[in-house]
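Read through the structure below, which is laid out as structure tokens, and then see the notes.
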Amino acid sequence: MDSLYRFSSIASKMQPSPIRELFKLIRQPGMISFAGGLPDPGGFPVEPFATCADVLERDGREVLQYGASEGYGPLREALIDIMRDRIDREILPEELIVTSGSQQAVDLVARVLLDPGDIVVVEAPTYPGTLHSLRNVGARFAAIPCDADGMQVELLPELVAGCESATGKRPKLIYSVPDFSNPSGACLSLERRRRLIEIASELQIPVFEDDPYGRLRFRGEAIPTLKHLADDQDLVIYASSFSKVLAPGVRVAWTVAAPRLIQSMVMMRQGEDLCTSTVTQALVAEYCRRGFLENHLRHIIATYAAKCRLMEEALSRHLSLDQAEWHAPDGGFFFWMRFLAADGSAVFDHAVKDKVAFVPGKAFFPAEDEQVGAVQDGNRFGRLCFTFADAGQIEQGCARLAQALNSAAVTNDRE
Ligand SMILES: Cc1ncc(COP(=O)(O)O)c(C=O)c1O
């Protein structure tokens, strides 16, 4: 039967998403999960959102119809308001497209800009969903190391020169999550943002700024987005999403970029999903129009600040300094942990036995054979999400993690 399908060369090499595979392993009774990057379901604004469904009675004949590929008018208006705060200027309608999740934005940008073999600069560590979309178009990766202030931008010119001498190709795109990175929780410092814009502009490489977490800051001063800092509006492709600030189930996100790129994304998606569901766009638009989003943001920011503090305290109480290093983020969803006495995958195996789960660091790096230049790996790391678990689970999960770290260190010493 297999021979009936002659899969494309890219499809034959495809691997399942490591995080989604992990979910199968950790779906056990009693498991405490810090693994998925999931919002707190207790915080979903079920009732206010449900009241917005009366938009169907008002505008049902329009919103049950196919919609424009660029997005539903009232939602586009709400997004123009949201973007005014993020980039401090009025965007033009032709700079905006609504997508079905920002995952689709990454996919569309990859498909309109990249040919097989093209190179993308990615942060090490980075969001695996982006690696997946880029892999789907046959991209290779130049991985740039990160620290507590995000991407080590000063290494960029050398990295790009290295790609050019090794492959004869200049990277075509730089992908970054500057605010509360998934997975590291780090924010790119203002100084590095400015330098990144300068270098990208000198090298003429566009930057994809993926910003699903930027509005979820509970400590410290907001840092301007790359899109805000860039004078050349073609340089930065900005994407954000309602997934983390409202609910991932709505599958509504947006991209702001040069009109020429937006047009290409529109044409590409016309061979893909035609448009984002008009019904959910209308619900989200109505939710924003009634002012619910701003209230909801205040509420979840307070909840996430409290959960982050609980995890910070529980980790400090249960883990010893020779087991792991981490530092608490100022927003977003994640703690990024460096294990001092064992690899992330070994710690993970013990953790699952002790009924606590996290994502081993390897998932956030391209495979060795996909990287151009010095290979980066995440073997010693792990990502812990603090937003999904409740207070009791955070406390107990950190205690279990300490136990798993001990067992992993003992096993490591024996080997
Ligand atoms: C950095 C980053 N980009 C994109 C996405 C995808 O989000 P969406 O639900 O909008 O497709 C995620 C989801 O976890 C993410 O963390």
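The values are calculated or read from the model by the stated rules, or taken from the named source; none is laboratory data. The structure displayed is predicted, hence computed values, not measured ones. Please note: Cβ atoms are built from the backbone with ideal geometry, for glycine as well, and neighbour counts cover all protein chains shown.
Screening 245, 284 for residues that are touching a residue at least 12 places away in the same chain (Cβ under 8 Å), within 23 Å of residue 73 (Cα to Cα) and in a helix (DSSP H, G or I) leaves exactly one candidate, 284.
Do you know which of the residues in region 197-216 that are of a type in the set (D, E, K, R) and within 16 Å of the ligand (Cβ to nearest atom) is surrounded by the most Cβ atoms within 10 Å (Cβ to Cβ)? Let's see the steps before the verdict.
Going residue by residue through region 197-216, those that are of a type in the set (D, E, K, R) are 198, 202, 209-211, 215.
In the following step, the residues that additionally are within 16 Å of the ligand (Cβ to nearest atom) were identified as 209-211, 215.
Working: 209: 31, 210: 29, 211: 20, 215: 21.
Here the answer is 209.
Can you spot a residue in region 245-258 that is away from the ligand (no atom under 16 Å from the Cβ) and either in the same structural domain as residue 202 (by TED's automatic domain parsing) or touching a Phe, Trp or Tyr at 6+ places or on another chain (Cβ under 7 Å) (or both)? Yes, region 245-258 contains a residue that is away from the ligand (no atom under 16 Å from the Cβ) and either in the same structural domain as residue 202 (by TED's automatic domain parsing) or touching a Phe, Trp or Tyr at 6+ places or on another chain (Cβ under 7 Å) (or both). Residues of region 160-184 that are assigned to a loop (DSSP other than H, G, I, E, B) and either within 16 Å of the ligand (Cβ to nearest atom) or crowded, with 24+ Cβ neighbours inside 10 Å (or both): 171, 177, 178, 179, 180, 181, 182, 183, 184.
What are the residues in region 109-135 that are more than 12 Å from the ligand (Cβ to nearest atom) and touching a helix residue (DSSP H, G or I) at 6+ places or on another chain (Cβ under 6 Å), if any? Matches in region 109-135: 110, 111, 112, 119, 120, 134. All conditions in (1) crowded, with 16+ Cβ neighbours inside 10 Å; (2) more than 16 Å from the ligand (Cβ to nearest atom); (3) under 28 Å from the mean Cα position of the chain (by Cα); (4) in a helix (DSSP H, G or I) hold for residue 55, with the sole exception of (3).
Against the test of being touching a strand residue (DSSP E or B) at 6+ places or on another chain (Cβ under 6 Å) and away from the ligand (no atom under 11 Å from the Cβ), the options 262, 223 yield a single qualifying residue, 262. Candidates in region 327-345 are the residues that are over 20 Å from residue 149 (Cα atoms) and either free of Cβ contacts under 8 Å to residues at least 60 places away in the same chain or acidic (Asp, Glu) (or both); of these, the one that is surrounded by the most Cβ atoms within 10 Å (Cβ to Cβ) is 344.
Assessment of region 88-101 against the conditions (closer than 16 Å to residue 212 by Cα, more than 16 Å from the ligand (Cβ to nearest atom) and out of contact with any helix residue (DSSP H, G or I) (no Cβ under 8 Å at 6 or more places or on another chain)) yields no matching residue. If you go through region 338-373 and pick out every residue that is among the hydroxyl-bearing types (Ser, Thr, Tyr) and out of contact with any strand residue (DSSP E or B) (no Cβ under 6 Å at 6 or more places or on another chain), you end up with 0.
Suppose the filter is on the phi > 0 side of the Ramachandran plot and not β-branched (Val, Ile, Thr); does residue 37 pass it? Spelling it out, it is not the case that residue 37 is on the phi > 0 side of the Ramachandran plot and not β-branched (Val, Ile, Thr). Selection of region 125-151 for residues being assigned to a strand (DSSP E or B) and closer than 23 Å to residue 168 by Cβ yields 140, 141, 142, 143, 144.
For region 92-124, enumerate the residues that are in a strand (DSSP E or B) and either polar (S, T, N, Q) or farther than 22 Å from residue 160 by Cα (or both). Selection gives 96, 97, 98, 99.
For every residue, the table says whether it meets (1) closer than 21 Å to residue 134 by Cβ; (2) of a type in the set (D, E, K, R).
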residue: 151; (1), (2): yes, no
residue: 155; (1), (2): yes, no
residue: 158; (1), (2): no, yes
residue: 161; (1), (2): no, no
residue: 164; (1), (2): yes, yes
residue: 168; (1), (2): yes, no
residue: 176; (1), (2): yes, no
residue: 204; (1), (2): yes, no
residue: 208; (1), (2): yes, no
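Across region 217-253, the number of residues qualifying as charged (D, E, K, R), more than 17 Å from residue 80 (Cβ to Cβ) and buried (at least 22 other Cβ atoms within 10 Å of the Cβ) comes to 1.
Out of the residues in region 65-87 meeting the condition of being among the charged types (D, E, K, R) and under 16 Å from residue 278 (Cα atoms), tell me which one is farthest from the ligand (Cβ to nearest atom).
The initial filter retains those residues of region 65-87 that are among the charged types (D, E, K, R), namely 70, 76-77, 81, 84-86.
Of the ones still in play, those that are also under 16 Å from residue 278 (Cα atoms) are 70, 76-77.
Details: 70: 18, 76: 17, 77: 20 Å.
Result: 77.
With respect to (1) crowded, with 18+ Cβ neighbours inside 10 Å; (2) under 24 Å from residue 333 (Cβ atoms); (3) modelled with pLDDT of 95 or more; (4) more than 16 Å from the ligand (Cβ to nearest atom), the lone exception for residue 46 is condition (1).
So residue 267 fits all but one of (1) crowded, with 20+ Cβ neighbours inside 10 Å; (2) of a type outside the set (Ser, Thr, Tyr); (3) over 30 Å from residue 385 (Cα atoms); what number is the exception? Condition not satisfied by residue 267: (1). Selection of region 3-34 for residues being surrounded by 10 or more Cβ atoms within 10 Å (Cβ to Cβ), assigned to a helix (DSSP H, G or I) and over 20 Å from the mean Cα position of the chain (by Cα) yields 10, 11, 13, 25, 26.
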